[in-house]
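Read through the structure below, which is laid out as structure tokens, and then see the notes.
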Amino acid sequence: MQWSEATEAIYLLQRDCVQTRSEFIITANIFYNDKQMKIIKNKSLKEFNSFAVEAKAKLFAEINSIEDLFEAAKIIESENYKFKVIGEGSNVLFTKDFDGLILCNKIKGVKVVAEDDDFVFVEVASGEIWDEFVARSVENNWSGIENLSGIPGTAGAAPIQNIGAYGVELKDVLISVGGLDVKKREVIKLTKDDCEFGYRTSVFKNALSSFVITGIVLRLKKKFKPKLSYKDLTDEFKNISKDKITLQAVRNAVLKIREKKLPDPKKIPNGGSFFKNPVISKEEFKILKKRIPEAKAFQETENSVKISAALLIDKAGLKGFRSGDAGVYENHALILVNYGNASGKEILSLAENICDTVFKKFNISLRFEVNIL
Ligand SMILES: Cc1cc2nc3c(=O)[nH]c(=O)nc-3n(C[C@H](O)[C@H](O)[C@H](O)COP(=O)(O)OP(=O)(O)OC[C@H]3O[C@@H](n4cnc5c(N)ncnc54)[C@H](O)[C@@H]3O)c2cc1C
């Protein structure tokens, strides 16, 4: 599947434009570049992160088009700014002010680029809200991502940690990723293999950290076959024959299960799972099993298994633990929450204490899933 020609044409056109230096008009705390992208100085990021912690961006701009991104790339290069792109800020923790340019991605658009009897190939612009796209797919009877219903954030952030839930990961449907390497000012198209997807990781967290994703192409199925291997979903549909289960019913069930388990960031600010589930050797698991008989292992490779980080935190006695306004959610030990005015530093410090305590108790290292900034 090729990245669409129209998008490519815009890329190439804009790449040719990024040679001239922009002139800034400075008005108080806002200035515009020559393409009218508004750049704001000292912008509070509190409403741009789901932990609702306070931090200021030295410079902040909303990107509404690929043209804006090319303009931003030009500014970043000419002024040698540090930069970071964010979507909905549902997987970042700001622990200090950001001394550079924050680009808030609002690039929109959804387009069917190809289809046959079995599949539809859809290009989704990176600023689209992921769950709105899932809802739209379900309405169109396109299946494959219904188990990923309700995950906050943008489509462009989905490949960064290869979002996953209820037995499905983005990599199961992703065909390609397109975007711009801002530092090199290079338009890049990546196939799924190029993305080096793993459990909550990808090449974008490593070698391609200055890459801004502008769109993704997904392959969705026209014929629906529910994936219900995850226990909560199996239970939900245990009395219904498989051919009676609809795509919409699976989406509704996932949304219902998530609502029960996870705190709504609008009511209790949080970043979802703060820690990844650790992967340990089978030998290490045997030792752990003696200490926590209810521990379960999920095969990862021939010699390694994935275990529940939430169980380790719970067994370390930290579920519901609170330090000031930073806390471990009382109904789910993997989720750190901001009960009011916690700072990013306080939440990070709580996370580090949890890692230390779990390590001392079980000799197992926890790793952060949330991106620390
Ligand atoms: C309540 C809750 C539940 C969650 N449940 C799940 C879940 O079930 N499964 C799961 O996998 N995740 C889950 N998450 C985490 C989060 O929803 C995902 O990681 C999501 O993809 C983040 O999207 P975002 O737009 O908010 O990204 P942001 O938080 O804004 O950014 C996350 C990272 O991606 C980078 N990034 C963002 N956009 C781009 C882009 N266009 N190009 C390059 N880099 C980019 C950022 O620089 C940052 O490093 C949950 C979070 C919350 C708050």
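The values are calculated or read from the model by the stated rules, or taken from the named source; none is laboratory data. Owing to the predicted nature of the structure, the values given are computational and were not obtained by experimental measurement. Backbone-built Cβ (ideal geometry, glycine too); neighbour counts: all protein chains shown. When the accessible area is computed, the model is the full protein with side chains, heavy atoms only, and any ligands, DNA or RNA have been set aside. Shrake-Rupley method; radii C 1.70, N 1.55, O 1.52, S 1.80 Å.
Modelled with pLDDT under 95, open to solvent by 80 Å² or more (accessible area, probe 1.4 Å) and either part of a helix (DSSP H, G or I) or closer than 25 Å to residue 96 by Cβ (or both): is that true of residue 47 in this structure? So residue 47 fails the test.
Checking residue 316 against (1) more than 27 Å from residue 205 (Cα to Cα); (2) open to solvent by 50 Å² or more (accessible area, probe 1.4 Å); (3) out of contact with any strand residue (DSSP E or B) (no Cβ under 7 Å at 6 or more places or on another chain), which test does it fail? With respect to (1) more than 27 Å from residue 205 (Cα to Cα); (2) open to solvent by 50 Å² or more (accessible area, probe 1.4 Å); (3) out of contact with any strand residue (DSSP E or B) (no Cβ under 7 Å at 6 or more places or on another chain), residue 316 is out only on (2).
The number of residues in the stretch 157-189 being within 12 Å of the ligand (Cβ to nearest atom), touching a Ser or Thr at 6+ places or on another chain (Cβ under 8 Å), open to solvent by 10 Å² or more (accessible area, probe 1.4 Å) and closer than 19 Å to residue 113 by Cβ comes to 0. For the stretch 118-143, the tally of residues that are open to solvent by 30 Å² or more (accessible area, probe 1.4 Å) and either at pLDDT below 95 or part of a helix (DSSP H, G or I) (or both) stands at 4. State all residues of the stretch 341-373 that are within 16 Å of the ligand (Cβ to nearest atom), open to solvent by less than 50 Å² (accessible area, probe 1.4 Å) and of a type in the set (Val, Ile, Thr); if no residue qualifies, say none. Answer for the stretch 341-373, where residues must be within 16 Å of the ligand (Cβ to nearest atom), open to solvent by less than 50 Å² (accessible area, probe 1.4 Å) and of a type in the set (Val, Ile, Thr): 347, 370. Summed over the stretch 84-107, the residues that are part of a strand (DSSP E or B), open to solvent by 30 Å² or more (accessible area, probe 1.4 Å) and in contact with a Lys or Arg (Cβ under 9 Å, 6 or more places away or on another chain) give a count of 1. Checked against the criterion of being over 19 Å from the mean Cα position of the chain (by Cα) and modelled with pLDDT of 95 or more, the stretch 86-96 has at least one qualifying residue. Checking the stated criteria, residue 300 turns out not to satisfy the condition of being surrounded by 13 or more Cβ atoms within 10 Å (Cβ to Cβ), more than 16 Å from the ligand (Cβ to nearest atom), more than 23 Å from residue 162 (Cβ to Cβ) and modelled with pLDDT under 95. When restricted to residues that are in a loop (DSSP other than H, G, I, E, B), closer than 18 Å to residue 268 by Cβ and of a type in the set (Gly, Ala, Ser), the stretch 313-366 contains 6. If the condition is being surrounded by 17 or more Cβ atoms within 10 Å (Cβ to Cβ) and within 30 Å of the chain's Cα centre (by Cα), then the stretch 286-296 contributes only 295. Please work out if residue 57 is within 13 Å of the ligand (Cβ to nearest atom), surrounded by fewer than 24 Cβ atoms within 10 Å (Cβ to Cβ) and of a type in the set (A, V, I, L, M). Here the answer is no, as residue 57 does not meet what is asked. Elements of the type strands (runs of 3 or more DSSP E) sitting completely within the stretch 154-263 and holding at least 2 residues that are among the β-branched types (Val, Ile, Thr) and more than 16 Å from the chain's Cα centre (by Cα): these cover 186-191.
Return yes when residue 256 is charged (D, E, K, R), outside the structural domain of residue 352 (by TED's automatic domain parsing) and either closer than 21 Å to residue 230 by Cα or buried (at least 17 other Cβ atoms within 10 Å of the Cβ) (or both) and no when it is not. For residue 256, the condition - charged (D, E, K, R), outside the structural domain of residue 352 (by TED's automatic domain parsing) and either closer than 21 Å to residue 230 by Cα or buried (at least 17 other Cβ atoms within 10 Å of the Cβ) (or both) - is met.
Considering the conditions (1) open to solvent by less than 60 Å² (accessible area, probe 1.4 Å); (2) touching a helix residue (DSSP H, G or I) at 6+ places or on another chain (Cβ under 6 Å), residue 249 is excluded by exactly one of them, (2).
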